[in-house]
1. Scaled to the compact-protein estimate 2.2 N^0.38 Å, what is the alpha-carbon radius of gyration of the range 228-287, rounded to two decimal places?
2. Could you work out how far helix 15-26 tilts from the main Cα principal axis of the chain, as a 0 to 90 degree angle to the nearest 10?
3. Within a 10 angstrom radius of the beta carbon, how do 242, 268 rank from fewest other beta carbons to most?
4. Binning at 5 Å from 0, report for the chain what percent of all alpha-carbon pair distances ends up in each bin.
5. Sort 186, 252 so the one with the fewest other Cβ atoms within 10 Å of its own Cβ comes first.
6. Name the residues whose placed amide hydrogens come within less than 5 Å of the amide hydrogen of residue 272, ignoring near sequence neighbours (fewer than 5 apart) on the same chain.
7. Extent of the range 63-195 along each principal axis, from alpha carbon coordinates, in Å, largest to smallest?
8. Is there a quick way to get the dipole size of the range 228-287? I mean about its Cα centre, with the Cβ of Lys and Arg at +1 and of Asp and Glu at -1; what is the value in debye to the nearest 20?
Amino acid sequence: MDGFLNVLKPPGMSSGTVVAIVKRLTGEKAGHAGTLDPEACGILPVMVGRATRLFDFMVEKQKTYLAEVAFGFATDTQDAQGTVTEKGDHYPDTEAVRAILPRFTGEILQRPPMYSALKIGGETLYKLALKGKTADIPARPIQIYAIDLLDETPRHGMLLRVTCGRGTYIRTLCHDMGQALGCPAHMRFLLREQTGAFALDSAVTIEEIKAGQAEAHLLPMDTPLAHLTRFDVPSHLEKLCDNGVRLRPDEHPFAADAGASIRLYIRDRLLGISRVAEDGTLVPRLVIR
């Protein structure tokens, strides 16, 4: 089994637990291609078998989340599982929330939360937070393409659909929206609907995997590689490429694209990834055997 399982992770389960289940039930190597907080649910791409070697060539592009921001109190984790740190009852209406959305759209600066897997000075932030320590976390640029206000929810909540780039913390977005509106807020619910090439319509549940349906839901190894140019190796060069030999500039059509990564195929089988060197040589970076 070589490919990707687009797992629909349930809330309350860590990304590592999902990978462990896939390893145990398939008997293959596995790893997740982008973590998801334990209390969140939704799309978690899992690399299986030889697909684990493709991690460095994947690009986490656009992501889409369905999130519920709840007004009335903030927490230390910025979600519903944390300890309440602030309360307020100046609840905003839909017009007020909609009015501030442009402030959080586009390229903005966001300060990551203490309860995260980021490291500062070699220390993981959430481990510092568990010890009651804090760190000076610099704000960093993120990209939010769109925020749509979908509906009001009970207990002073608003349902949002957020389309964003990598590195965005949706719970921090909810917290910051509360600050902007003068009413403490946290993230009550999060569903990742899409990440890169993976979306809900091709997702497999943990129950289906446990029922032996993993292979039927396995996606091809090149599913997340569409951003790389494809090269179908001519028959007279198949043996060279299969043995990891460099191709001269006159043996391939990409000599002018120095620095580009190219995905190679032999008779519609993904062979690996090569890079165009400065001299036009096509140099293998990964040969999948």
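1. Compactness ratio reported: 0.96.
2. 40
3. Lowest to highest Cβ neighbour count: 268, 242.
4. The calculated distribution, bin by bin, is 1, 5, 11, 13, 14, 13, 12, 10, 8, 6, 4, 2, 1, 0, 0.
5. 252, 186
6. 264, 288
7. Largest to smallest, the principal-axis extents are 42, 31, 23 Å.
8. 240
Only the coordinates and a few stated rules stand behind these numbers; no lab work does. A quick note: this is a predicted structure, and the numbers were derived from the prediction, not measured. Cβ sites come from the backbone with ideal geometry, for glycine too, and all protein chains shown count toward neighbours.
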